[in-house]
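Each remark here refers to the structure printed beneath this line.
The values are calculated or read from the model by the stated rules, or taken from the named source; none is laboratory data. If you're wondering where the values come from, they're calculated on a predicted model, not measured in any experiment. Virtual Cβ from ideal backbone geometry, glycine too; neighbours counted across all protein chains shown.
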Amino acid sequence: MPCTVPSPLLERQAHDANARLGMDDDLWVFGYGSLMWQPGFAHTHAVPALLRGSHRSLCVYSWVHRGTQERPGLVLGLDRGGACRGLAFRVEPHLRDEVIAYLRDREQVTMVYREVLRDVVLDDGRRVKALSYVVERAHEQYAGALSHERQLEIVSRGHGQSGPNRDYVLNTADHLIDLDIRDGGLQLLADALRRNE
């Protein structure tokens, strides 16, 4: 069974996020993995954006969406260091609570991510605060840096509530190419998965 979300922690995250964002301000959400190709929430814009200080990494064992506790999958997290290119989604103020609730249901099933506001630079040069989900390194689902071979082994067999782990990796890798975002490690993994079909 997946872990249940500790409500005091979610309440503290909600208070922190709301304190830093004015209730009449637009909400921006930074997507770097499946949110890029399947956001699942209403938004008015989806624009290329750069987040500094964290990088995209296949560093989270998935116990729900792409695997189980007995046979984990592997999904992306924002891990410390470097930079990450992704998409920033603009959400109108009247939808902010609905979208944040949706994101918490989707991303915080086992609390492997920290919900934070990070500065991102949009493709037109503007800086905005964006809601971002950063991996919690102290969490037992944090996989750290795995070898290509180990990633391939885990992803090839992973399957969870949202489907096969390989589909998650292939969709993300393809979407990154469409956006002209280079991620050599993810592309190598996608190529290996296709060779093994």
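Out of segment 68-95, which residues are over 18 Å from residue 190 (Cβ atoms) and in contact with a helix residue (DSSP H, G or I) (Cβ under 7 Å, 6 or more places away or on another chain)?
71, 72, 87, 91
Of these, 91, 135, 112, 99, which one is more than 18 Å from residue 38 (Cα to Cα) and touching a residue at least 60 places away in the same chain (Cβ under 8 Å)?
It is 135.
Please indicate, with yes or no, whether at least one residue in segment 128-140 is basic (Lys, Arg) and closer than 14 Å to residue 51 by Cα.
Yes.
Residues in segment 67-88: is at least one within 22 Å of residue 159 (Cα to Cα), in contact with a Pro (Cβ under 7 Å, 6 or more places away or on another chain) and of a type in the set (Ser, Thr, Tyr)?
The answer is no; no qualifying residue exists.
Picking from 20, 52, which residue would you name as being farther than 29 Å from residue 145 by Cα and either at pLDDT 95 or above or of a type in the set (Lys, Arg) (or both)?
20
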